[in-house]
């Protein structure tokens with residue numbers, strides 16, 4: 001009986017089946033106010049971190065989210081999880097609208113949605129042992145009480161490739177790769193369906209990076225997880241994702257199946273981004289043509305009118321400076337926001 | 001090509017309370033004029049300590065260069081006095097650091113910081129040095145340079161700051177440019193801008209570049225030759241094509257297979273190198289890669305392998321001599337040394 005409990009206890013039954021839409025995001029906006037004034041704080045502007053996104057995530061798949069720093073990919077992940085309450089838009093998770101949930105109702109949903117963070121050093125409490133870190137979500141959600149909890153923790157440690165004998169140790173006793181495994185274990189403990197992985201391998205050395213990527217893949221298969229995988233490394237995202245979305249300055253530029261996006265990019269920003277990443281093959285790499293974008297990303301405080309990419313776009317025309325391009329499905333399952341496609 | 005820099009049996013140790021850390025443990029390599037050499041390896045393998053040793057910037061205590069020679073234009077940098085070293089640093093040898101946010105002084109203007117080395121090493125002053133600063137900023141692609149020399153670092157973006165660092169490094173036409181993870185903190189499109197500028201200037205001025213990076217894509221694109229470091233030693237060295245197409249050390253083979261490729265259409269499971277790099281505090285009698293190596297035999301426990309020439313100009317430090325089949329990617333050990 002003990003082994004039964006440590007595996008799956010069916011705390012709830014998800015109505016969403018493999019291959020059906022688990023997450024449906026429509027018109028998501030996340031603005032952060034900028035205030036000024038010494039005594040009376042007045043709102044003077046908005047940072048438009050995420051501006052009008054729409055996408056769906058299917059149960060069991062990995063949706064990759066790429067873009068440069070400040071493009072709003074992490075904010076998107078947090079707004080989906082309701083860690084930030086969105087300014088506008090809808091986030092539908094398995095048939096329930098999350099943006100209007102509050103208090104206990106929201107907390108119940110939080111168990112089904114978890115997050116893995118980038119920095120394995122600052123995202124773990126140094127005063128808590130591994131056992132306490134992994135046990136905390138179980139305590140919060142009142143799962144696996146008494147001796148079952150210790151068993152569950154041992155089971156999780158094994159699942160993420162850590163020696164269960166390390167349960168009493170503290171984060172500082174582990175290497176970066178091992179700490180990331182603890183963070184993954186914490187996210188897995190309460191049996192979530194959906195995990196936002198925010199740059200989970202960026203802080204790790206390449207050989208350790210490969211271990212964690214493989215682990216995430218194995219866990220997805222084992223527990224039927226759905227991932228929103230946020231990263232700036234395009235090769236890693238291609239490797240792990242079924243579909244990939246490209247963001248720039250708070251907007252989604254393009255979304256397609258991985259191979260389609262990497263082999264047949266349509267948006268000029270996606271093309272430039274892909275050409276800027278060198279391939280690990282000296283002969284091929286030196287023959288590749290690259291599109292070097294000039295200038296920097298504009299401030300999200302004052303995004304340019306029209307298409308936000310127009311200031312750096314090599315093929316921009318007048319229309320791009322005047323009208324915001326709409327999000328269209330140009331080929332089946334291939335979405336793009338560009339007037340010139 | 002003439003040898004610009006020769007590093008012979010360099011050993012840099014750190015004397016800590018826990019014991020002696022052999023951060024760089026007997027590395028030998030050279031760099032010719034106009035050549036780009038990459039130092040690759042995981043964190044803690046001794047890449048940055050090697051670079052800091054060349055500039056004699058190792059903090060002492062706890063660090064000390066205990067043995068070796070660093071011949072720059074025929075002169076041993078470990079023997080010259082501090083004044084002469086200062087005249088070389090920033091002048092004949094320049095360095096670009098990883099963090100563009102922290103390596104510029106926030107209370108001095110960009111112009112003041114670029115002029116510092118121009119005035120110190122080239123003896124220019126006043127308008128001449130300002131003119132040179134503007135010229136350098138234009139060279140690295142900063143628009144409206146004449147106006148921007150009076151700006152402070154916080155008014156520049158990360159990519160622009162890194163370009164300012166390159167402008168400073170190039171201000172005295174150095175013979176050798178050391179770039180320690182120059183683009184790690186930057187986004188890919190900005191990384192491409194910065195690296196293209198560095199490569200173009202290196203070609204134009206015939207500057208030799210030592211680039212330290214863990215990004216294998218950057219190495220594939222820019223490096224002529226590659227030194228792979230592991231646990232304070234060079235485990236493999238050769239041309240970029242040698243290293244990427246015909247790696248001969250199990251660590252290099254593992255490293256290549258553990259990086260997902262941007263142009264891979266099929267999802268194959270990544271090969272991992274299990275375990276961790278060794279602590280450099282213990283003396284390792286045999287091969288330092290032994291605990292993580294799939295090919296190890298008894299000899300690897302006891303005998304330290306030397307750098308052996310596998311093909312002209314391509315050296316690896318391994319008893320087993322593995323070979324990767326170019327088509328099937330299957331690895332076989334050529335010699336069952338035991």
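How large is the Kirkwood hydrodynamic radius of the stretch A:1-156, counting all unique pairs of alpha carbons, in Å? Walk me through the numbers on the way to the answer.
Details: mean 1/r = 0.0544 Å⁻¹.
Answer for the stretch A:1-156: a Kirkwood hydrodynamic radius of 18.4 Å.
The overall shape of the stretch A:273-341, judged from the alpha-carbon gyration tensor, is oblate: a/c is not under 1.5, and a/b is no greater than b/c. May I ask for the distance between the Cα centers of the stretch B:285-310 and the stretch A:112-139, given as a whole number of Å? Going from one Cα centre to the other spans 38 Å.
What is the percent of Cα-Cα separations in the protein assembly as shown that go past 50 Å? Mind showing how you got there, number by number?
Values: 37778 of 230181 pairs.
Percent of Cα pairs beyond 50 Å in the protein assembly as shown: 16.
For the stretch A:205-269, the orientation-averaged shadow of the C-alpha convex hull comes to 5.1 nm² (one quarter of the hull surface).
Taking the average, over residues, of other Cβ atoms within 10 Å as the packing measure, peptides B:69-78, A:223-232, A:250-259 rank A:250-259, A:223-232, B:69-78 from highest down.
Report, for the protein assembly as shown, the % of DSSP beta bridges that are antiparallel, rounded to 5. Taking every DSSP beta bridge within the protein assembly as shown, about 65 percent pair in antiparallel fashion. Based on C-alpha pairs under 8 angstrom that are at least 6 apart in sequence, chain A has a relative contact order of 19 percent.
Each part gets one Cα centre, and for the stretch B:85-116 versus the stretch A:19-75 those centres are 38 Å apart.
Evaluate peptide A:30-43: per residue, the Cβ atoms of other protein chains within 10 Å of its Cβ; return the mean as an integer.
Working: counts 0, 0, 0, 0, 0, 0, 0, 0, 0, 0, 0, 0, 0, 0.
Per residue, the number of nearby Cβ atoms from other chains is 0 on average.
Spread over its residues, the convex hull of the C-alpha atoms of chain A is 166 Å³ per residue. Its Kirkwood hydrodynamic radius, worked out from the mean inverse distance over all distinct Cα pairs, puts the stretch A:147-258 at 15.3 Å. Let me know the shape class of the stretch B:255-301, please: from the alpha-carbon gyration tensor, a ≥ b ≥ c as square roots of the eigenvalues, rounded when a/c is under 1.5, otherwise prolate if a/b is greater than b/c, or oblate. Prolate is the answer for the stretch B:255-301, as a/c is 1.5 or above and a/b outweighs b/c. Entry note, the protein assembly as shown: the mean residue ellipticity at 222 nm calculated from DSSP H runs of n ≥ 4, each adding -39500 (n - 2.57), is -8500 deg cm²/dmol after division by the residues and rounding to the nearest 500.
The simple spin-label model puts a point 7 Å past each Cα toward its Cβ; for residue B:154 and residue B:84 those points are separated by 4.4 nm.
In plain terms, if you count all Cα to Cα distances in the stretch B:171-216 and split them into 10 Å steps from zero, the share in each step is 26, 56, 18 percent. Across chain B, C-alpha contacts under 8 Å between residues 6 or more apart give a mean separation that, scaled by the residue count, equals a relative contact order of 18 percent. So what's the gap between the Cα centers of the stretch A:221-239 and the stretch B:46-66, to the nearest angstrom? Taking the Cα centre of the stretch B:46-66 as reference, the centre of the stretch A:221-239 is 39 Å away. The distance between label points at residue B:326 and residue B:200 comes to 3.4 nm (points 7 Å beyond Cα on the Cα→Cβ vector).
So for the stretch A:174-250, averaging the separation of alpha carbon pairs under 8 Å that are six or more residues apart and normalising by length, what relative contact order in percent results?
Details: 53 pairs, mean separation 25.4, N = 77.
Relative contact order comes out at 33 percent.
Which order do the peptides A:194-202, B:90-98 take when ranked by the mean count of other beta-carbon atoms within 10 Å per residue, highest first? It would help to have the intermediate numbers written out before the result.
Numbers: A:194-202: 23.3, B:90-98: 21.1.
Descending mean neighbour count gives A:194-202, B:90-98.
The C-alpha atoms of chain B define a longest principal axis, and helix B:158-170 lies at about 80 degrees to it.
Which order do the peptides A:98-108, A:130-140 come out in when sorted by mean C-beta neighbours inside 10 angstrom, highest first?
On the way: A:98-108: 12.6, A:130-140: 19.5.
The peptides rank, most packed first, as A:130-140, A:98-108.
Looking at the stretch B:109-258, the DSSP beta bridges with both ends there are about 55 percent antiparallel.
Using the C-alpha atoms of the stretch A:205-341, what convex hull volume per residue, in cubic angstrom, is computed?
Numbers: hull volume 19.4 nm³, N = 137.
About 142 Å³ per residue, rounded to a whole number.
Averaged over peptide B:251-263, the number of partner chain Cβ atoms lying within 10 Å of each residue's Cβ comes to 6.
On the basis of the beta-carbon distance and an R0 of 45 Å, residue A:69 and residue B:76 show a calculated FRET efficiency of 0.55.
Shielding of peptide A:56-65 by partners, expressed as the average count of other chain Cβ atoms within 10 Å per residue Cβ, is 0. For the stretch A:35-111, the alpha carbon positions stretch 49, 35, 18 Å along the principal axes, listed from largest to smallest. Shape of the stretch A:92-183 from the C-alpha gyration tensor: prolate (a/c of 1.5 or more and a/b above b/c, with a ≥ b ≥ c the square roots of its eigenvalues). Compared with the dominant principal axis of the Cα atoms in chain B, helix B:188-205 is inclined by about 80°.
Using only C-alpha atoms and all pairs of different ones, pull out the Kirkwood radius for chain B in Å with one decimal. Kirkwood hydrodynamic radius for chain B: 21.3 Å. Computed over the alpha-carbon pairs of the stretch B:208-338, the distance histogram in 5 Å steps reads 2, 10, 19, 24, 21, 14, 7, 2, 0 percent, short to long.
Taking the longest Cα principal axis of chain A as reference, the axis of helix A:206-223 is set at about 70 degrees.
All of the numbers you see were taken from the coordinates with simple rules; none came from a lab. This is a predicted model, so every value here is computed, not measured. Heads up, the Cβs are rebuilt from the backbone with ideal geometry, glycines too, and the neighbour counts pull from every protein chain shown.
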